[in-house]
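The structure appears right after this line, and notes come after that.
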Amino acid sequence: MGSTAVLLLRLFSRLPLSFNHWVGRCLGALVWRFGKRERQVALANLQFCFPDSDREWRQRIARQSIMSMGEAMLEAPRLWHLSSEQLMRRLENPDVLEEILAVYRQGKGLVIASPHLGSWEYAGLLFAAHTAMISLFRPPKHERAGDYIKKARQRTGGVLVPTDGSGIRALSRALIRGDCMGMLPDQEPSRGNGVYADFFGRPAYTMFLLPRLVQKRRPPVFFVFSERLAGGRFRLHSLRAEEALYSADPATACAALNRSVETLIRLRIDQYNWNYKRFLAQPDGSDIYKQGNDSPESEV
């Protein structure tokens, strides 16, 4: 299985990015049609976050979101093999990148928080090409595929560290040196590593790793996403973190984190990963995904 995965990754690394996007959209359309689990999760999330929206809108956004995830999956192998110069040529608004890099050059460190929105692979590779960037990496089950992905993601200069205590210490040391730290801020953490904070008006178990790492030294934090455009191009969006993100109170800091992520998502709701069980852990123990399994809302 690992060998097959590597062969597919190598194949898509050699194909034009626009073609990979087209294949990804087709794959996403198939998943929408036949992937009951993915369809139900996306619709449950959208109904939970936008209870006043109509069913047609939720169906449309859910389908577009799953197709966007297909693009994200198949664009990655090609992006991993582009040079720094080739990545830059695909950026629609390099001025936004330069504004962030100007802050980085002040030597106070930098955190790039890129949610599962648009092309987070492009964002990571782009900043790794211009900063001393370090990020957490959890390899897939198959060791050979994991080795391939890790090596490919580090091609533009980024460093990947494991998602354990040693990796977290490496992130902390990087910020002390004034380097750049990359993080995905919208994943549900394991029990004991988060607090509940509103996300689209709903309680979401939210990681306090990011606020904890930046609280003492207060490096600049930018929430960033790369909007996927036609023709294999990208537009960078950024939002500087609220002061509340540095709060010693985890609930206050995590609420600020979620507000920033939500602001970016609202720019392109259709490019967010809505088929991820972001609200799996609820304070009252309810399961919004189980509740939605027998609902007409889950039907095509």
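Rule-based calculations on the coordinates, nothing more; no lab input. All figures in this text were calculated on a predicted structure; none of them were measured in a lab. Note that each Cβ is placed from the backbone with ideal geometry, even for glycine, and that neighbours are counted across all protein chains shown.
Using just the helices of the chain, give the 222 nm mean residue ellipticity in deg cm²/dmol: DSSP H runs with n ≥ 4 each add -39,500 (n - 2.57), and the total is spread over all residues, rounded to 500.
The per-residue figure over the chain is -15500 deg cm²/dmol.
Using 7 Å Cα-to-Cβ label points, what is the Lys151/Ser84 separation (nm, one decimal)?
Going by the 7 Å Cα→Cβ label model, 2.2 nm.
Under 20 Å from a point 7 Å along the Cα-to-Cβ line of Lys216: which residues of the range 99-121 have their amide N that close?
In the range 99-121, the label zone of Lys216 (backbone N under 20 Å from the point 7 Å along Cα→Cβ) covers 107-112.
I'd like the Karplus ³J(HN,Hα) series for the range 276-285: coefficients 6.51, -1.76, 1.60, θ = phi - 60°, whole numbers in Hz, and an x wherever there's a Gly or Pro.
Those phi angles translate into 9, 6, 5, 10, 5, 8, 10, x, 8, x Hz.
5 Å is the cut-off here: which amide hydrogens, built 1.01 Å from N in the peptide plane, fall below it relative to Thr206, excluding neighbours closer than 5 in sequence?
Answer set, sorted by chain and number: Val195, Tyr196, Ala197.
Given H placed 1.01 Å from N in the peptide plane, which residues other than close sequence neighbours of Arg233 have an amide H under 5 Å from its amide H?
none
What is the diffusion coefficient of the range 103-237 in µm²/s, taking the Kirkwood radius over Cα pairs and the Stokes-Einstein relation at 37 °C with a viscosity of 0.692 mPa s?
Once the numbers are plugged in, D ends up at 208 µm²/s.
Please report the equivalent ellipsoid semi-axes of the chain, computed as sqrt(5 x eigenvalue) of the Cα gyration tensor, largest first, in whole Å.
28, 25, 18
Got the relative contact order for the chain handy, in percent, Cα pairs under 8 Å and 6 or more residues apart?
So the answer I get is 25 percent.
Using Cα centres only, tell me the gap between the range 118-148 and the range 226-291 in whole Å.
19 Å
Residue separation times 0.36 nm, minus the C-alpha to C-alpha distance between Leu229 and Asn93: what's the value?
Additional length available on full extension: 47.8 nm.
Order of 255-268, 133-146 by packing, highest average Cβ count within 10 Å first?
Ranking the peptides 255-268, 133-146 by packing returns 255-268, 133-146.
Find which of Ser226, Met133, Trp120 sits farthest along the positive direction of the dipole of the range 83-237, computed with +1 on the beta-carbon of Lys and Arg, -1 on that of Asp and Glu, about the Cα centre.
Working it through, the farthest residue towards the positive pole turns out to be Met133.
Need one number: convex hull volume per residue for the range 163-300, Cα atoms only, in Å³.
Convex hull of Cα atoms, per residue: 143 Å³.
Give me the net charge of Glu188's neighbourhood, meaning all other residues with Cβ under 9 Å from the Cβ of Glu188; Lys, Arg count +1, Asp, Glu -1.
Its environment carries a net charge of +1.
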